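Working notes, structure below.
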Amino acid sequence: MTNSLGKDTAPAPKRVSITKPLIFLGGLLVIALLVRLFHLQDYLEEQHLRQLVASFGFWGPVVFLTIWALAPPLLLPGLPITLAGGVLFGPFWGVVYTIFGATAGASLAFLAARYLTREWVAAKLSNSKLTALDDRVARHGWKIVAFTRLVPVFPYFLVNYAFGLTRISLAAFAVATFFAMIPLTIAYTYFASHILDLLKGQVSSGLIVGAILVALASLIPLVYKRLKGRQKDPLEL
């Protein structure tokens, strides 16, 4: 690329933002301080909360799955729901319910964009890189869906709507979404399943392992860009 003076110019490298991780950690610290200040430790026992949820029988998971299914179409953030799943259901069932709920919600947003809100979504994406999504999907299919889940460079709820405007089938979108979200879901859910330890002022081994998993998951986009370097990836938007 050349500028108006005829000199070669290279695009400025993108900087990896640490704003969101800092906000996340800052929020946890504020909550922990409030818990200590108002002596809420006794109300934050993991077993007590999970027994309370279990007392509702199958309605507990049903309500959680319903909330997850409605969140993406309503443009609600998914991370708080994922963390709540880890706290209330533990690392195993929290992952299971989150994966199925998030996939259902993504599919509903996909269908809404394709059949109900097509013009609104098209206008929303008109000035973003997601306008090239249909062309990428035509060439690479479900791999593009998996890429956007593993390397989340765009907002989760916006990507769900964007894929509804492409030619990919609902089945391919849902399957790719389901499996590609597993690594990040495991990391955040496992961390969340031990997050009450931090709010009570304790640092358990499970919390440390969870924090490491979240840190590794957060580095996926950075590692991906470093490995690719300046080479154009056919999957990159």
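The values are calculated or read from the model by the stated rules, or taken from the named source; none is laboratory data. These numbers come from a predicted model, not from an experiment. Here the Cβ is made from the backbone with ideal geometry for all residues, glycine too, and neighbour counts use every protein chain on show.
Across the range 198-228, what is the number of residues that are in contact with an Asp or Glu (Cβ under 8 Å, 6 or more places away or on another chain) and free of Cβ contacts under 8 Å to residues at least 12 places away in the same chain? Going through the range 198-228 one residue at a time, the tally reaches 3.
Would you say Ile31 is modelled with pLDDT of 85 or more, surrounded by 12 or more Cβ atoms within 10 Å (Cβ to Cβ), part of a helix (DSSP H, G or I) and aliphatic (A, V, I, L, M)? So Ile31 does not fit the description; no.
Annotation for the range 46-65: at least one member residue is part of a helix (DSSP H, G or I), acidic (Asp, Glu), closer than 30 Å to Leu207 by Cα and in contact (Cβ under 8 Å) with a residue 12 or more places away in the chain. Residues in the range 137-147 that are closer than 16 Å to Thr177 by Cβ and basic (Lys, Arg): Lys143 only. Just to check your reading of the model, which residue among Phe100, Phe92, Phe110 is loosely packed, with under 14 Cβ neighbours inside 10 Å, modelled with pLDDT of 90 or more and either in contact with a strand residue (DSSP E or B) (Cβ under 9 Å, 6 or more places away or on another chain) or aromatic (Phe, Trp, Tyr) (or both)? Every option except Phe92 fails the conditions.
Exactly one condition in (1) over 30 Å from Trp59 (Cα atoms); (2) in contact (Cβ under 8 Å) with a residue 12 or more places away in the chain is not met by Pro73; state its number. Tallying (1) over 30 Å from Trp59 (Cα atoms); (2) in contact (Cβ under 8 Å) with a residue 12 or more places away in the chain, Pro73 fails exactly one: (1). Checking the stated criteria, Leu76 turns out not to satisfy the condition of being in contact with a Phe, Trp or Tyr (Cβ under 8 Å, 6 or more places away or on another chain) and modelled with pLDDT under 85.
Taking helices (runs of 4 or more DSSP H) as the structural unit, those lying wholly within the range 125-237 and holding at least 2 residues that are at pLDDT 85 or above and crowded, with 21+ Cβ neighbours inside 10 Å correspond to 142-150, 156-164, 170-180, 182-193.
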